[in-house]
1. Ranked by Cβ crowding within 10 angstrom, fewest neighbours first, how are Cys279, Cys347, Cys262 ordered?
2. Report the convex hull volume per residue for the chain, counting only C-alpha atoms, in Å³.
3. Considering only the other residues whose Cβ falls under 9 Å of the Cβ of Gly378, what net charge follows from Lys and Arg at +1 and Asp and Glu at -1?
4. I'd like the trypsin sites (Lys or Arg not before Pro) in the stretch 361-391 restricted to DSSP loop residues with at most 14 other Cβ atoms within 10 Å, sorted by number.
5. Lys and Arg at +1, Asp and Glu at -1: add these up for the other residues within a Cβ distance under 13 Å of Ala196 and post the number.
6. As a test of the definition: which semi-axes, in Å, follow for the stretch 74-189 when you take the square root of five times each eigenvalue of its alpha carbon gyration tensor? Largest first, please.
7. What span do the alpha-carbon atoms of the stretch 1-53 cover on each of the three principal axes, reported in whole Å from largest to smallest?
8. Which residue, Ala273, Val218, Ala312, has the largest displacement toward the positive end of the dipole of the stretch 208-402 when charges sit on each Cβ (Lys, Arg +1; Asp, Glu -1)?
Amino acid sequence: MNTLIVKNRHNNRLRSGHLWVFSNELEHIPTDLAAGSLVQVRSAGGHNYGTALFNPHSLIAARLLASEAEELDVAFFVARIEQAFALRRRLFPYETSYRLVFGESDFLPGLVIDRYHDSTSGGSDYFVLQTLSVGMDMRKDEICEALRQVFPQTRAIIEKNNSALRKHDGLDQRESLLWGDVPEEIQMTENGIHSALSLMEGQKTGYFLDQKLNRQKVKEIASGLRVLDCFTNQGGFALHAVAGGAASALGLDSSAAAIERCRANVRLNGMEARATFECEEVLDYLHAAAERFTQGGERLWDMIILDPPAFAKSRAQVPQAKRGYAKINRMALRILPRGGFLVTGSCSHHVSEDVLLSVILEEAQRERRQLRLVFRGGQSPCHPVLASMPETAYLKFFVFEVI
């Protein structure tokens, strides 16, 4: 096995447990070693950081595995997936759909796996995976076999490799059925709410499992409230609000297909009397609602939920993203009554919690609204944050009361 030597002055981050070695930190990059190969990583003084997946064509030249493994065979993946599964069972003893593997946080860098348990087909398991590094991408067969061994009720494994992050490792984008047979839709349950999903057609890996606990918090505080769920996607927040006793909930999304899925989920949960969904551009809707209020219209919502897609895909887009977050939060604050709730967040890794919080508070001051923070959340613990890698933290989530 080839050995990569890390230059002096670049060891502290790795010693603290960070799993990425950047190309400019290496004394030498072997050009004759194939991308995806296993290598040993050592300091110039001989300290061994363990085995890593190598890619000479990526800025992240080596992804450490926290292991001395000499081969990433099925047994290796079985052991790592079993460890990840044990953590999820402890975290969610009554849930069966969650992120099973979260890349570096589960010491499987560049690999994401979501588990969906379908209660309508005899308890079948479906897995959607993303391989974001060439080393994981070339070992998909071993990963699929390991999943089938750990979960004997596996019916299908799908790759949703449509992430732009793959380009950084020289990988193309693709979606395909890797193994088994997948129906047009399955039915999953989250916090007692039923959702019909199309795993082949859904966004990203099918469902945004990172908001699992935040949706539960909305369910706990929505009783009696009129709720507006913006960027609703599959309707998760709106349905949780109604399950928590909300007087009504309206979900908005610009995707007609998503809205049809939401309406199906309303029927699935018997919530037709209180939950409705409309295909609307959220910014246009909020702007019109704010205009109506400034002209003497009634405040229609007691809770407004803002769960937008990532506004900043890179650090260079942060200024633009801040303007976007400012606009949607400003309009929501304008139309919320005293005693209402602003539920707002960001999944943009490059927008820190402090930055997002400052944007919201600046807009509250602009609108002369006083806020009280009643809940601060983040990504679900099935998306654990590796303390030594801030890159694994991305979701920010706040619930404010307007006082």
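1. Arranged by neighbour count, lowest to highest, Cys279, Cys347, Cys262 become Cys279, Cys347, Cys262.
2. Spelled out: Cα convex hull of the chain, divided by residues, is 139 Å³.
3. Value of the local net charge: 0.
4. Arg368
5. Local net charge: -3.
6. Semi-axes from the Cα gyration tensor: 22, 17, 13 Å.
7. Taking max minus min along each principal axis of the Cα atoms, the stretch 1-53 gives 28, 18, 17 Å.
8. Of the listed residues, the answer is Val218.
Laboratory data are not the source of any read-out in this text; all were calculated from the coordinates shown. These numbers come from a predicted model, not from an experiment. Neighbour counts run over all protein chains shown; Cβ positions are idealised from the backbone, glycine included.
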